[in-house]
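In what follows, a structure is listed as structure tokens, so that the remarks can point back to it.
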Amino acid sequence: MVVVTILIVAGAAYLAGTLASHPGPATTQTTKLGTSSIACTVTGEGFLLLKVLNSSNDRPIGALPIQIEAQYPACATNPPHIDDLGPFDTNASGFLPLSGPFNWFYLTANYDDGSYSVNATVSAGAVTCVTLAMPTGSENITQYCNPAEYFAR
């Protein structure tokens with residue numbers, strides 16, 4: 001329990017430091033439409049912290065590849081679009097932190113013989129916490145969460 005608490009606090013400290021280092025306007029996204037480019041100003045990055053658990057024993061599932069797609073927000077003259085960010089593995093504690101100028105993350109994992117998906121919205125400058133339990137497929141999503149409190153439950 002002490003190790004899990006330390007990992008949660010360390011993860012929360014990491015996210016707090018990341019949030020503090022990305023204030024205000026974060027990036028300008030340029031999208032190609034035909035032969036012209038339209039610049040969109042993204043007001044800040046959103047953060048998502050995913051934890052994957054084995055629902056049979058509540059143990060974290062580490063080194064699990066998670067396929068990630070993310071949706072960029074729309075501009076006044078540009079529709080939203082989705083980018084394939086590729087697979088990323090959960091760490092040994094079952095965590096996967098994600099951030100970027102996105103407003104949705106679409107996450108898919110294959111475990112045993114099943115495929116599990118969870119979609120979560122994120123807000124600029126805020127943290128969304130997601131727990132995905134397999135093989136039941138149950139999910140819990142909380143926007144504007146405090147990771148230390150959320151994962152200590």
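For A39, only one of the following conditions fails: (1) modelled with pLDDT of 95 or more; (2) in contact with a strand residue (DSSP E or B) (Cβ under 7 Å, 6 or more places away or on another chain); (3) of a type in the set (A, V, I, L, M); (4) over 18 Å from T128 (Cα atoms). What is its number?
Going through the list (1) modelled with pLDDT of 95 or more; (2) in contact with a strand residue (DSSP E or B) (Cβ under 7 Å, 6 or more places away or on another chain); (3) of a type in the set (A, V, I, L, M); (4) over 18 Å from T128 (Cα atoms), A39 breaks only (1).
Would you confirm whether or not region 116-134 contains a residue that is more than 11 Å from the chain's Cα centre (by Cα) and on the phi > 0 side of the Ramachandran plot?
yes
Scan region 71-96 and report the pairs whose first residue is assigned to a loop (DSSP other than H, G, I, E, B) and whose second residue is among the β-branched types (V, I, T) and modelled with pLDDT of 95 or more, with Cβ atoms within less than 6 Å and a gap of 6+ or a chain change.
Listed by first residue and then by second, the contacts come to T90/V52; G94/V52; G94/I61.
Cβ-Cβ under 8 Å, sequence separation 6+ or interchain: first residue in region 116-137 and more than 9 Å from F47 (Cα to Cα), partner basic (K, R). Which pairs?
What qualifies is V130/K51; T131/K51; L132/K51.
Residue-by-condition table, conditions (1) among the polar types (S, T, N, Q); (2) surrounded by 14 or more Cβ atoms within 10 Å (Cβ to Cβ); (3) modelled with pLDDT under 95:
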| position | (1), (2), (3) |
| --- | --- |
| I68 | no, yes, no |
| T77 | yes, no, yes |
| H81 | no, no, yes |
| F95 | no, yes, no |
| S115 | yes, no, no |
| A120 | no, yes, no |
| A124 | no, yes, yes |
| T128 | yes, yes, no |
| A152 | no, no, yes |
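Residues of region 100-109 being within 15 Å of N119 (Cα to Cα) and either surrounded by 19 or more Cβ atoms within 10 Å (Cβ to Cβ) or at pLDDT below 95 (or both), which ones?
Passing the criteria: F102, N103, W104, F105, L107, A109.
The values are calculated or read from the model by the stated rules, or taken from the named source; none is laboratory data. Keep in mind the model is a prediction, meaning the values are calculated, not measured. Glycine gets a Cβ as well: all are built from the backbone with ideal geometry, and neighbour counts include every protein chain shown.
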